[in-house]
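Below is one structure, written out as structure tokens; comments come after it.
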Amino acid sequence: MFQRLREDIACILERDPAARSAWEVLTCYPGLHALVLHRFAHGCWVRGFKWLGRFTSHVARFLTGIEIHPGATIGRRVFIDHGMGIVIGEMAEIGDECTIYQGVTLGGTSLVKGAKRHPTLGRGVIVGANASVLGGFTVGEGARVGSSAVVTKPVPAGATAVGNPARVIEAKGDARREEAAARMGFSAFSAYGVAQGDDPVAMAMKGLIDNASSHEHQIALLWQAITKLSEAQRKDCVPAGAQHDEHFDGAELARLVK
Ligand SMILES: CC(C)(COP(=O)(O)OP(=O)(O)OC[C@H]1O[C@@H](n2cnc3c(N)ncnc32)[C@H](O)[C@@H]1OP(=O)(O)O)[C@@H](O)C(=O)NCCC(=O)NCCS
């Protein structure tokens, strides 16, 4: 029990820049209190002491503003920040290392008893403030749900879902960028593990790759048009000096920036 508590405190100190000491975390973090009480409530629930589980959950809600159904399954090193207004349903499953902010609902849209009504969050998922994740689907490992998003469909691992109804951003853009980066000889771009949103150089690279990739696409379309025109007019419409096989020299750029 103390091992789990130490782990919870350590993960809060790691993830909350405002946390200053273990004592402060232990005494002033409602998310931690809610999780500790939930462990007791869940223990009662699975051993058949349903009322005691519900009552403990009710007391925890009264003390912390966080309502976790005693049937919910919560992994290790989960961080509930601020917490006020959070509702976590009976069938919800929260993987290890998840972070959940205030006002989040992990709820259902169906009233069918016994069905998996509430979502499963994979390992390391972050759910932003006031987001609602509604239904018995999975939010994949490492995915992020933006604040105030309303998610009603599965979210792929590593993706970011925002808006109401939520749409996945980044995942498509990232895949496209990875492909373009690999074509340009920058296949190690994401392997650096840089959080692109934090590093201005990475942001600049991201912009350059998107821009170069869009130019390549436009040029390919122009070549298609020129080839069609040449065929239609039965003469060579290619401007003098134009090179069809000229491509971005990633190796040369990599050599220059080394
Ligand atoms: C979703 C989130 C994780 C995205 O972070 P990111 O990857 O850095 O994304 P960006 O800021 O680059 O934004 C990407 C796009 O998504 C949009 N976006 C970001 N967060 C959004 C949100 N919550 N709702 C709607 N759109 C959002 C941005 O406007 C941007 O759109 P654009 O491409 O048209 O300009 C982040 O914005 C978020 O909501 N985090 C939760 C934070 C939180 O709840 N904090 C509580 C602290 S108390």
key: Selection within region 95-119 - within 16 Å of the ligand (Cβ to nearest atom) and among the β-branched types (Val, Ile, Thr)   = 99, 100, 104, 105
remark   = Every listed condition ((1) on the phi > 0 side of the Ramachandran plot; (2) surrounded by fewer than 15 Cβ atoms within 10 Å (Cβ to Cβ); (3) not acidic (Asp, Glu)) holds for residue 65 save (2)
remark   = Of (1) within 26 Å of residue 65 (Cα to Cα); (2) open to solvent by 40 Å² or more (accessible area, probe 1.4 Å); (3) not in a loop (DSSP other than H, G, I, E, B), residue 109 fails just (3)
query = Hey, residue 70 hits all of (1) buried (at least 16 other Cβ atoms within 10 Å of the Cβ); (2) in contact (Cβ under 8 Å) with a residue 60 or more places away in the chain but one; which does it fall short on?
reply = (2)
query = Which condition does residue 198 not pass, out of (1) loosely packed, with under 14 Cβ neighbours inside 10 Å; (2) at pLDDT 75 or above; (3) of a type in the set (Asp, Glu); (4) under 30 Å from residue 159 (Cα atoms), if it passes all the others?
reply = (2)
task = Inspect all residues belonging to region 8-16 and state whether any of them is assigned to a helix (DSSP H, G or I), closer than 27 Å to residue 55 by Cα and more than 22 Å from the chain's Cα centre (by Cα).
result = yes
message = Being over 27 Å from residue 151 (Cα atoms), open to solvent by less than 40 Å² (accessible area, probe 1.4 Å) and either part of a helix (DSSP H, G or I) or out of contact with any Pro (no Cβ under 8 Å at 6 or more places or on another chain) (or both): is that true of residue 36 here?
response = no
task = Could you list, in sequence order, all residues of region 82-94 that are in contact with a His (Cβ under 6 Å, 6 or more places away or on another chain) and either surrounded by fewer than 17 Cβ atoms within 10 Å (Cβ to Cβ) or not aliphatic (A, V, I, L, M) (or both)?
result = 89, 90
inquiry  = If the requirement is being more than 15 Å from residue 94 (Cβ to Cβ) and among the basic types (Lys, Arg), which of these qualifies: 77, 4, 47, 39?
reply    = 47
Among (1) modelled with pLDDT of 95 or more; (2) in contact with a strand residue (DSSP E or B) (Cβ under 6 Å, 6 or more places away or on another chain) - the single one residue 130 does not satisfy = (2)
ask   = Taking region 95-105, which residues are over 17 Å from residue 18 (Cα atoms) and either open to solvent by less than 10 Å² (accessible area, probe 1.4 Å) or at pLDDT below 95 (or both)?
value = 98, 104
Residues located in region 1-30, provided they are open to solvent by 30 Å² or more (accessible area, probe 1.4 Å) and among the small types (Gly, Ala, Ser) = 10, 18, 21, 22
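The values are calculated or read from the model by the stated rules, or taken from the named source; none is laboratory data. None of the values given here were measured: they were computed from a predicted structure. Positions of Cβ are backbone-derived with ideal geometry, glycine not excepted, and every protein chain shown enters the neighbour counts. Heads up: the accessible areas ignore ligands, DNA and RNA and are worked out on the full protein's heavy atoms, side chains in. Shrake-Rupley method; radii C 1.70, N 1.55, O 1.52, S 1.80 Å.
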